[in-house]
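Step one of this worksheet: look at the structure below.
The values are calculated or read from the model by the stated rules, or taken from the named source; none is laboratory data. Predicted model only: the values in this text are computed from it and were never measured. Neighbour counts run over all protein chains shown; Cβ positions are idealised from the backbone, glycine included.
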C-alpha cells in the first residue's frame, strides 16, 4: 500500500510543480516571499502553539476510536505512531499518505489490518463531516453575494449523508455484490473493512465524542488561518474565514498535491479574492498555513530517527 503511494510521488510532484510554476506567472512571488518572511513573529508563535494543541486533540480522538475497537495499544505508542505517520505522510500524496502510513504502522503493532484501517477511515470520515458542519456554520455567519445558500446546504447534506452511510457499508456492499463474489480477494477485503467500520455503529457515544473533538480541530485550524492573516496585516473578518477555510482545508486533504502545496494554495488565493486580498498576500497566507502544518509533523521526524522498536503484535 505504501509502495503504491510512494510510486505516485513523482507524478504528483510534477503536477504540484507545474501548478506552482503557472501561479508564478500570475502572482508576484517576490512580494509573496517577502510577506512570508515578514510575518509577525508573535502571531507565528501563537499559531505554532495552536498547531501543537490540534495535534494533541487529533491523537486523542484516534485513541478513543482505538479503544472502541478494543485495539490494545498504549496511548504513548498510539501517539508515536500518529506523529511518525504524519511526518512520513508529508512526502506522500496529501491527505491519504499520512492515513495509509498510520494504518500500516498500526497493523504492524496489532496484527489487525482491517481494524487498524477502519479506525483511520472512521477518523477521516468524521473529520470530513466536521468540515462540512463548519462550512454550514460559516454560511450562517457570512453568505456571499450571488450565492444560493440552498445549493451549499444541499452539497453539505450530500457529503454528510455519504459519511453517515459509510457506517452501513457492510449491508450496502453485500446488497450490491452478488453472493458468489463475496469470496473474491478484493470483495473479501472490502467486506472485512466494511464490517470493521460498521462495528462503530454500536459506539454512538464514542462517535459523538470524536465528532466533538473533530469540530474542535477544525475551529483550531480556522483560528490558525485567521491569526496568520493578522500576522500578515490582512483585515479579513473571522466570519469569512469560517466560511471559506473549510473548503480550503478540504483541498488540503485531497490526494492531489505533495505536502499541501499547489492546488490547495490556488484555491485559498481564489477564495480570498472577493475580499480584495492581493494574490501575493493570499499566496503568502496559504504557504504559511502549509508550512506551519508541516512544522507540526516535525516531532514525528524525531521519533522516526530514533526508530524505537515496535511493540509485539497483540493477540
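Has segment 53-65 got at least one residue that is without any contact (Cβ under 8 Å) to a residue 24 or more places away in the chain, in a helix (DSSP H, G or I) and over 15 Å from residue 298 (Cβ atoms)?
Yes.
From (1) closer than 30 Å to residue 269 by Cβ; (2) without any contact (Cβ under 8 Å) to a residue 40 or more places away in the chain; (3) part of a helix (DSSP H, G or I), pick out the condition that doesn't hold for residue 224.
Unmet condition: (2).
Among the listed residues 153, 158, identify the single one that is over 23 Å from residue 199 (Cβ atoms), at pLDDT below 75 and out of contact with any strand residue (DSSP E or B) (no Cβ under 8 Å at 6 or more places or on another chain).
Selected residue: 153, the only one of 153, 158 that is over 23 Å from residue 199 (Cβ atoms), at pLDDT below 75 and out of contact with any strand residue (DSSP E or B) (no Cβ under 8 Å at 6 or more places or on another chain).
Is it fair to say residue 206 is closer than 24 Å to residue 61 by Cβ and touching a helix residue (DSSP H, G or I) at 6+ places or on another chain (Cβ under 8 Å)?
Against the criterion (closer than 24 Å to residue 61 by Cβ and touching a helix residue (DSSP H, G or I) at 6+ places or on another chain (Cβ under 8 Å)), residue 206 qualifies.
Keeping to segment 66-90, report how many residues are closer than 11 Å to residue 115 by Cα and not in a helix (DSSP H, G or I).
Of the residues in segment 66-90, 3 are closer than 11 Å to residue 115 by Cα and not in a helix (DSSP H, G or I).
Starting from residues that are on the phi > 0 side of the Ramachandran plot and buried (at least 23 other Cβ atoms within 10 Å of the Cβ), keep the ones in segment 242-268 and report whichever is modelled with the lowest pLDDT.
260
Looking only at segment 190-207, which residues are free of Cβ contacts under 8 Å to residues at least 40 places away in the same chain and closer than 20 Å to residue 117 by Cα?
190, 191, 194, 198, 201, 202, 204
Consider residue 271 against the criteria (1) within 18 Å of residue 36 (Cβ to Cβ); (2) outside any loop (DSSP other than H, G, I, E, B); (3) modelled with pLDDT of 85 or more: it satisfies all of them except one. Which criterion is unmet?
All conditions pass for residue 271, except number (1).
Looking only at segment 232-241, count every residue that is surrounded by fewer than 22 Cβ atoms within 10 Å (Cβ to Cβ) and outside any loop (DSSP other than H, G, I, E, B) and tell me the total.
Total satisfying the criteria: 3.
Residues of segment 270-288 being closer than 17 Å to residue 243 by Cα and surrounded by fewer than 24 Cβ atoms within 10 Å (Cβ to Cβ), which ones?
Listed by number, the residues that qualify are 270, 271, 273, 274, 275, 276, 277.
Pairs, please: C-beta under 8 Å, at least 6 apart or cross-chain, first residue assigned to a loop (DSSP other than H, G, I, E, B) and in segment 128-155, second at pLDDT below 70 and surrounded by fewer than 13 Cβ atoms within 10 Å (Cβ to Cβ)?
143/149
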